[in-house]
Amino acid sequence: MTDMLTPVLTRRWQSPRSWSIDTYEQLEGYQALRTALTAHPDQLIQLVKDSGLRGRGGAGFPTGMKWGFIPQGPDGPGAKPKYLVINADEGEPGTCKDIPTMMADPHSLIEGCIITSFAIRANFCAIYIRGEALHPIRRVRHAVDEAYAKGYLGKDILGSGFDLDIVVHAGAGAYICGEETALLDSLEGRRGQPRLKPPFPATSGLYASPTVVNNVETIASVPAIVQGGSEWFRSMGTEKSPGPKIYSVSGHVERPGQYEAPLGITLRQLLELAGGMKGGIPLKFWTPGGSSTPLFTAEHLDVPLDFEGAAAAGSMLGTTAVQVFNETVSVPWAVMKWTEFYKHESCGKCTPCREGTYWLVQILERMVAGEGTPSDVETMLDICDNILGRSFCALGDGATSPITSAIKYFRQEFLDLCAAQPVAAPEPAGAMA
Amino acid sequence: MTLAQDASTDTDPVPEGHVRLTIDGRVIDAPKGELLIRTCERLGIIVPRFCDHPLLDPAGACRQCLVEVEMGGRPMPKPQASCTMTVADGMVVKTQHTSPVAEKAQAGVMELLLINHPLDCPICDKGGECPLQNQAMTSGRTDSRFTETKRTFPKPLPISSQVLLDRERCVLCQRCTRFSEEIAGDPFIELLERGAEQQVGVADDKPFQSYFSGNTIQICPVGALTSAAYRFRSRPFDLRSTPGVGEHDSGGGAIRVDTRRGTVLRRLAGNDPEVNEEWIDDRTRFAFRYLSSAGRITRPMVRGADGVLAETSWTDALAVAAQGLAAAKEGGIGVLAGGRLTVEDAYAYAKFARVAAGTNDVDFRARPHSAEELDFLAGHVVGQGPEVLSYTRLEAAPAVLCVALEPEEEAPLVFLRLHKAVRKHGQQVFHLGQWTTPAVERTSRGTGAASPAAKDNLIPAVPGAEAAVLAALPSHVVDALRGGGLGGGGVVLVGERAAEVPGLYSAVSALAARTGAVVGWVPRRAGDRGALEAGAVPTLLPGGRPVGDARARAEVEALWQLPSGSLPSLPGRGTAEILTAAADGELAALVVGGVDPYDLADPAAAITALREVGFLVSLEMHTSAVTELADVVLPVAPDAHRAGSYVNWEGRRRPFEPALDASGVLPDCRVLDTLAVEMDVDLFTQTPAAAAGELERLGARTGAAPAAPAVPAGEPRRPASPGQAVLATWRQLVDHASLSVDEPALAGTARPALVRVNAATAERLGLTEGAPATVRTARGMITLPVALTDLPDGVVWLPGNSGDSRVRALLGAGHGDLVEVTA
C-alpha cells in the first residue's frame, strides 16, 4: 500500500534533525545546486519546462513557462533587476503542506530558491511567510543563516560568481496576501490588496521589476528535478500533471497527515493510506484542494486528483488540501464556517467579495439557527452568481465555491433547516432598505 | 481625442495608432490604449461607474462597469471591468444595453453596494447630484432582498476641520485616497481595516491637512465626504450655478459658484483641461465668506470736518473725492492699484493715473518690489501668452526650476501640474530655496514609499545669495534645463519674492539666455499679471509700451483721443517711492485700491505716508488700515457681483460673469470712470466690457522687447553677532489673508506657524525643538515653537502671515533681513 507513496519532497522529513543543514547535506543536499551552477540559466528554464512542473499554489500554471516570461538581456525591461518571491503565505482552510515543508526541510526550499534565482538571473529573493506561522519563520530564518555561513548564499556562491541574498519576510496575517500581487504590495510595505493586471509580475512585479512568484512546494521541487532530470520527474503523475504532490489529508480519517503521492491519485487510495474513515463512520463530503475548491461527495471517490481530473469532475485541484467530513457533519454548518472565514478575510477592495461575503454569512447564520426560508437558498445562489467572475481577484470566486457546490449536492439539507419556518418570504423592510 | 464617430464601413482603413472595435453593434475606431469605458462615452453609451475617474489611474475596485467582451471571436469567460480594459482590434463589446449578462452583473453589484448603505438620501448633501443615487435608479433593483443587519459606524467623523466622513455611505471606490496619492501627492487619508469593515481614515495624530482636500468631496460619488462649511445648507436642485474664476491666486482656475437666494453657498472646481483640469485648492474652494463678512464696506463714506468717517451718497462721495483730487492735481497724485484687480479694473487705474491724474506714478505692486523687477517684467513677461508657456507646456518640460517660488503655497495649480509631470513623465523639478518644503519633497522624483526620504531637488541658498547660487548652478541642473537638445527645453518659474533679492531677476534672465529655458513669472495674487498687461506700472503703458517711447505714447494717445504729447513721458515711481513722496509732501493725494499696508516692505512707513498725505481716496471691499486714514472711501464690487477677467500667470485671459445680482455694487472701473467724469475727464471704462474692449483695441507693443536687467548679484547679509540670523520668509496658502476671513473650517487646515532653523543653528542659538523661540527686530518680536529643518546655517524661517507670525507687521523685516533669535 505504501508503494503508492513517492517521497521526493518528504523523503528527508523523518530523518533526525531533518531541518539542519548537516542532515540536508548528508542526504544529497546542495548537490543539485552544484550541478545547476555549471549549467546555463536558460538550460535550467528549459529543464523545468521539460519536466512539466506546474505551480503547486493552486492554479497549476506551468512553472518553466512562468520563468521564461522574465525579460532577459542587457537592454529594455531585461536590464531591470529581477526578483524571486516565494509565496509561503499558506492560509487556505485545510491547506497545510508548505508549513511542514519549511519545518521539516527548509533547505530544500532554499536550494530551490538559489537554483531558481540563478535561472531567472535574480540576485534577490524574498520568502513571504504567513505571519501566524511563527515557528516556520524562525526555522527558515535559521536555515538561511546556515546557508550563508556555508557559502550557499551571499556573494560568489560556490565560486560561481553568482550572488544571491534571501530575506525571510513575515506577513501580517491576511489571507489576501496569498494572492501574488497583494503579496507583492505587502512585501513593498503597502496595504495588501491585489493589483490591477496587466502588468503582470513577470514584467512589473516587486518594485515594478520582473518578478517570479512561486509557491514553496513548487520551488522545493526544483532541486529534485535538477538531480533527477525531467524524464524521472515525468515518470510520476500524469501526462499533463506530472510529478509527485503532497496531499494534506485532514478531518475524519484514522491517520490524518501529509501523503506525497503522484498526481492523479484518488481519494479512495488516499483514504487507504490514511487508514480509512475514522471509526468507520461513512464519508459525507470532502474538498479536493481547500475550501475554495467546490466540494465533492462519496460519488467522487475515484476522481483522479490531478489538475485535469478534478476540473473535469466540477472542482479544482487547488492546494490538494483534502478535508474529509463524515456523516455527523452538517453541510450548511460547515459552509457557514467557511463563509465566515471568507468574510473575515475579504480585503475589501472590490464590491462583490466585500459585500457579498458579508451578506452570505448573515443568511447562512440565520439558516443554521433555523430561521431560514427556502427562498434564502435561491437568494444565496443568486448572490454567488453576482460574485463569481465579478470580483477583482480569485478570492471572491473561491468564496462562492463551498456554497454553490454544497447546494448542488445537499440542497435538501438546507431546505430541512427551514422546516420550522413559514413558507412566505420575509417582508422587505422598505422600498429599498 | 478622436471625436465620436461611427466608422462608416468596415472597409475604411483604420487610422494610424487606432484600433477598430464594435460596441453594442456599432463599429468605432479608438486610439490604442484607450479605456473601454471612454470609448463607450464617445459613443454616448454611459456605463455606470464609481471608482473610475478620467484623471485618476484605473482601479477596477467597484466592479460597477462590467461589460461583456469578445476577443478574436471568443467570448471572455467573465464580464470585464470597462474602466480597466483597453480597446483592442476586433474586440466586440456588449454593454448593459445589449447584454443580459452585463445588465445582471451591474444590477448585482449595485444591489451589493446598497446593502450596507444607509439609504439616507433625503438628509444627504449629495442627494440630487449623487452618482450612487442616479445609478441606483438606472441599474438597481426596485427593492432589496437584503433583510439582514447593516454595518454601522459612528458618524460623521471629522477627518479635518473642513471634511466630514460618513463611513456608512462610503462605497470604497478609493477615488479620494487615489486623488490624495496621485494628484495632491499628500496621502493623509488611507484605507484602513478590511472586508466590510474597510474604511477611509486618517492617522491618529495627522488629520486631512491637505491644501487640496476639498477635491475629494467633489469627486466622492456618494455622500461619504461632505464639507463642514456646506453641510445641510442646501439641496443641489435649489442652487443656481455660474462659472467663475479663482480670485485668490494667479492660477486662473475655473470654478463653479453655487448660489441660493442671493448668497454664495459653495464653490466647486470647474473643468478646464488646459488650466486646472478638474482640481482647485481649498482656499479657492472654501474662502468666499469675505463676501458677507462684517468688514464689508457697502456704502460710500466721507470723512467729515469732525474727522469721523460717515456714510453718504455716491453723488456726495464722488463729488468730494473729485474735488479733493482736482485740487491735489497740481501737487501730484499717486495711484496704488493693488494686486487683486481684474484686468479691466487695472486698466481703469492705469488710465486714471495717466489721464485724470496726469502721472505715471501708478503701481499695482502691493508688496516688496524693485526697479530690476520692472525691467524683468518688461523684458520677459509682458505680452507673453500661453503660446509661449502654458500649463500644458510646463507639464511637458523635461525640467523645471522654481526660483523664489513656493508653488504649493503661492500657486497651488502650478504645484499640481508639477506634481503630475513628475509622476507621469518623470519631470525633474528643482527648487532654489531654503528648505525641503512639502512641495519640494513631493516634486522630487524620489517620492514614494519605496524610496529613501532624502530628496535631491533642493538647491539651497541663504536668503540674499540666490542670485549668486543661480549663476553657479550645478551642471546637472543646467543640462536638465537645456533639455538635452530636444525641442522644448526646460522652464524657469520665478516668483514675486525675487524682487527682494537684488540681482535675482537678472540672474534668471541670464540663466534663460544660457540654457534656452522658457521663463515664467508666477506672482502670488490674481491681479498682478493683468495689472502688468494693463499698464498699472510706472514704466509701462497698456500692452507693455514703455512710457519713455514717444511712438508708444502716440499710439495710446491716438486711441485715447488725447492731444498729442499729453501723456506724461517721465517714468513714474513704484509703490514704495510713491509712499515716500507722499510722506515727504511731494505728492498731494493718493488713490489707493485694495492695498494692505501690512503687505508692503515697510508697513510703518506706509501708514505714516497714508496719514501724512493731504488727500486719500480708498477704493475697497473691506475696511483696512487704509480705511481708517482715508478721506473718501468708495466701496467696490467683489467678483461674485460683477463681470470681469483675470490674466493668469500664463498670460491667459480668464473672463467670468457675475454669480449674484450685480445691482447696487460697482466695480473699480466704473467707480474710477465716474470719478474721472467728476474731474471732467472721460475714461470710457463704465463697464468691464468697455474697458476690456479698449484694452483689446490697444493691443500689444510692436517694438522689440526692452533689454533684460543686468543687476549684479547681491551679497547676503552677514550676521553681526552670534545671536543674529538671516530671515527667510514667505506666505502660506491658508493664512490671515484678508479674503480668507470668516472661514474657520478652512483656517483649521492651515499649516502650523513654526520657526524653522537647522540643528546646528538651533544649538548655537540655544533653541530646542518644540520649545518656543523669539525672533526679534528693533520693531518687534514673534514667538513660535521651533521646528528643526534643513535650512542653511544661520538662517531662520518664519511664515509670512500665519498664526502669531505677521512678519511684516510685527518685525518690519522681510526675506534676507537680519533678525535676532533667542530661546
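Fewest neighbouring Cβ atoms within 10 Å first, the residues B:T608, A:T320 line up as B:T608, A:T320. Taking every DSSP beta bridge that has both ends in the protein assembly as shown, the antiparallel portion is near 55%.
For region B:745-750, backbone phi angles converted through the Karplus equation (6.51, -1.76, 1.60; θ = phi - 60°) give residue-by-residue couplings of 5, 5, 4, x, 9, 5 Hz, Gly and Pro being listed as x. Note on the protein assembly as shown: with charges restricted to the Cβ of Lys and Arg (+1) and Asp and Glu (-1), its dipole about the Cα centre is near 1180 debye. The relative contact order of chain A comes to 16 percent, based on Cα pairs under 8 Å that sit 6 or more residues apart. Peptide A:191-204 has a mean shielding of 2, counted as Cβ atoms of other protein chains within 10 Å of each residue's Cβ.
Look at B:D363, B:D596, A:D145, B:D668 and count the other Cβ atoms within 10 Å of each Cβ; fewest to most, that gives A:D145, B:D596, B:D363, B:D668. The relative contact order of chain B comes to 13 percent, based on Cα pairs under 8 Å that sit 6 or more residues apart.
When +1 charges are put on Lys and Arg Cβ atoms and -1 charges on Asp and Glu Cβ atoms, the dipole computed for region B:253-397 relative to its Cα centre reaches about 740 debye.
For region A:137-208 versus region B:679-736, the inter-centroid distance based on Cα atoms is 57 Å. For B:S213, the residues 5 or more places off, or on other chains, whose built amide H falls under 5 Å of its own are B:D282.
How would region B:18-112 be classified by its alpha-carbon gyration tensor: rounded, prolate or oblate, with rounded meaning a/c under 1.5 and the a/b versus b/c comparison settling the rest?
oblate
When both bridge partners sit in chain B, DSSP labels roughly 60% of those beta bridges antiparallel. Once you reduce region B:631-662 and region B:491-538 to the center of their Cα atoms, the two points are 24 Å from each other.
Considering only B:G593, B:L660, B:L616, and ranking their Cα positions along the charge dipole of region B:574-660 that arises from unit charges at the beta-carbon of Lys, Arg, Asp and Glu, the one farthest toward the positive end is B:L660.
Sites counted here are trypsin sites (Lys or Arg not before Pro) in a DSSP loop (not H, G, I, E or B) having no more than 11 other Cβ atoms within 10 Å; the longest part of chain A that contains none of them is A:156-433.
Overall, region A:331-417 carries a charge dipole of about 260 debye about its Cα centre when +1 sits on the Cβ of Lys and Arg and -1 on the Cβ of Asp and Glu, all other atoms neutral.
Across region B:147-292, Cα pairs under 8 Å and at least six residues apart give a relative contact order of 19 percent. For the segment B:188-195, counting C-beta atoms of other chains within 10 Å of every residue's C-beta and taking the mean gives 5. Since only B:L36, B:G295, B:G812 are under comparison, the one whose Cα sits farthest along the positive direction of the charge dipole of chain B, derived from C-beta charges on Lys, Arg, Asp and Glu, is B:L36. Counting only other residues whose beta carbon sits under 14 Å from that of B:Q135, what net charge do I get with K and R as +1, D and E as -1? With Lys, Arg at +1 and Asp, Glu at -1, the net is 0. Mean partner shielding of peptide A:380-391, defined as the number of other chain Cβ atoms within 10 Å of each residue Cβ, is 4. Span-like helix check, chain B: qualifying full DSSP H segments, with Cα axial length of 20 Å or more and mean Kyte-Doolittle of 1.0 or more, are B:314-328.
Here A:K284 is the anchor, and the lysines within straight C-alpha reach of less than 20 Å, apart from those fewer than 8 places off in the same chain, are A:K337, A:K408.
In region A:244-326, the DSSP beta bridges split such that about 75 percent are antiparallel, to the nearest 5. Which residue, B:A691, A:L360, A:L267, has the largest displacement toward the positive end of the dipole of the protein assembly as shown when charges sit on each Cβ (Lys, Arg +1; Asp, Glu -1)? In the protein assembly as shown, that residue is A:L267.
What does the charge add up to near A:E146, with Lys and Arg as +1, Asp and Glu as -1, over the other residues with Cβ less than 14 Å from its Cβ? Summing Lys/Arg as +1 and Asp/Glu as -1 gives 0.
Relative to the present Cα-Cα distance, how much length would full extension add between A:A59 and A:T23 at 0.36 nm per residue of separation?
Using 0.36 nm per residue and subtracting the Cα-Cα distance, I get 9.7 nm.
Between helix A:351-368 and chain A there is an angle of about 50 degrees, using the helix long axis and the longest principal axis of the Cα atoms. Across all directions, the average flat footprint of the convex hull enclosing the Cα atoms of chain B is 37.8 nm².
Net charge in the neighbourhood of B:A760 (other residues with Cβ under 12 Å of its Cβ; Lys, Arg +1, Asp, Glu -1) is -2. Put in order of Cβ neighbour count within 10 Å, fewest first, the listed residues B:T342, B:T392 become B:T392, B:T342. Cross-link pairs exceeding 26 Å between alpha carbons, from the set A:K240/A:K349; A:K97/A:K278; B:K32/B:K420; A:K155/A:K197; A:K245/A:K278; A:K82/A:K343: A:K240/A:K349; A:K155/A:K197; A:K82/A:K343.
Quick note: the coordinates plus some simple rules give every number you see, no bench work behind them. The structure displayed is predicted, hence computed values, not measured ones. With ideal geometry, Cβ positions are generated from the backbone for all residues, glycine too; neighbour counts draw on all protein chains shown.
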